[in-house]
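Okay, structure first, notes after.
The values are calculated or read from the model by the stated rules, or taken from the named source; none is laboratory data. Everything quoted here is computed from the prediction, not taken from an experiment. Counting neighbours? That spans all protein chains shown, and the Cβs are built from the backbone with ideal geometry, glycine included.
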Amino acid sequence: MKLILLGPPGAGKGTQAKRLQDRYGVVQISTGDMLRAEVSAGSEVGLQAKAVMEAGQLVSDDILIRMLAGRIERADCAPGFILDGFPRTVPQAQALDAMLTSKSMQIDMVVELKVDDAALTDRIAGRYTCKACGAGYHDEFQKPVIAGVCDKCGGTAFVRRADDNRETVGARLAAYHAQTAPILPHYAAQGKLREVDGMADIDAVTVELTALLDTLVAA
Ligand code: AMP
């Protein structure tokens with residue numbers, strides 16, 4: 001299964017991708033996570049990307065296309081993958097098509113998580129993750145059962161992304177509408193685009209997504 005999750009920042013792509021990877025035995029590929037790892041490692045790519053990410057803008061297509069090409073070569077991608085945060089521009093979508101065609105592969109489905117812009121700032125500004133296992137939480141919408149303790153691994157240290165603040169969200173949403181939303185017609189023309197209501201609660205979104213993806217597994 002090769003899936004793309006599209007949607008603005010805060011739509012729930014990462015949350016849903018984590019659930020789907022367990023259910024379908026495929027890997028989540030988050031280019032945002034990959035870039036944050038490069039920033040933490042202080043690599044050359046990380047040094048180039050850091051300021052761009054903190055401003056809520058998009059890192060250059062060249063960097064992302066190279067990064068993604070290397071990632072999907074790895075053995076853990078053989079059963080399939082869920083792209084979360086890639087492609088984010090039309091040139092990235094075209095490069096992805098070419099990359100997969102050269103390996104006789106193709107994307108099976110593209111799901112757009114639709115969410116109103118007004119809901120996104122609150123979603124993004126309140127979110128944080130467990131430092132140890134990466135499980136996602138939210139100050140209001142998804143608290144751990146025991147305050148300050150990760151439900152999944154018992155960890156007690158949590159982190160917030162540098163770009164998850166009200167000031168940067170506006171720029172990230174603008175980048176989504178200007179540069180990423182134009183990808184939608186690209187996949188609609190291929191007959192691969194489906195929509196899911198990302199305003200519903202997290203479990204309801206998972207139910208809708210799995211109903212769609214089960215049709216791929218059954219096919
Ligand atoms: P995300 O975790 O997907 O919200 O990504 C965080 C930030 O990483 C974005 O705001 C961009 O600056 C950068 N980024 C992640 N994926 C891409 C991509 N495919 N193309 C360009 N920039 C990206």
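Against the numbered list (1) of a type in the set (Ser, Thr, Tyr); (2) more than 13 Å from the ligand (Cβ to nearest atom); (3) within 18 Å of Tyr128 (Cα to Cα), Ser30 comes up short only at (2).
Go through segment 64-84 and give me each residue that's near the ligand (Cβ under 8 Å from one of its atoms) and of a type in the set (A, V, I, L, M). Spell out how you get there, then give the answer.
Initially, segment 64-84 is screened for residues near the ligand (Cβ under 8 Å from one of its atoms), giving 64, 68, 84.
Within segment 64-84, Leu64, Leu68 meet the criteria.
Restricting the search to strands (runs of 3 or more DSSP E) fully inside segment 79-172 and requiring at least 2 residues that are surrounded by 13 or more Cβ atoms within 10 Å (Cβ to Cβ) and in contact (Cβ under 8 Å) with a residue 40 or more places away in the chain gives 81-84, 109-114. Among residues of segment 203-217 that are part of a helix (DSSP H, G or I), those with a Cβ under 9 angstrom from a residue that is among the polar types (S, T, N, Q) and at pLDDT below 95, sequence gap 6+ or separate chain, pair up as Val205/Thr15; Thr206/Thr15. Would you be able to say whether some residue in segment 190-210 is aliphatic (A, V, I, L, M), more than 23 Å from Leu120 (Cβ to Cβ) and at pLDDT 95 or above? Looking for residues that are aliphatic (A, V, I, L, M), more than 23 Å from Leu120 (Cβ to Cβ) and at pLDDT 95 or above, one finds none in segment 190-210, hence no. Of Gln21, Gln16, Gln28, all but one fail to be at pLDDT below 95 and not small (Gly, Ala, Ser); the exception is Gln21.
Might you check whether a residue that is under 18 Å from the mean Cα position of the chain (by Cα) and within 13 Å of the ligand (Cβ to nearest atom) occurs anywhere in segment 97-112? No; the residues of segment 97-112 include none that is under 18 Å from the mean Cα position of the chain (by Cα) and within 13 Å of the ligand (Cβ to nearest atom).
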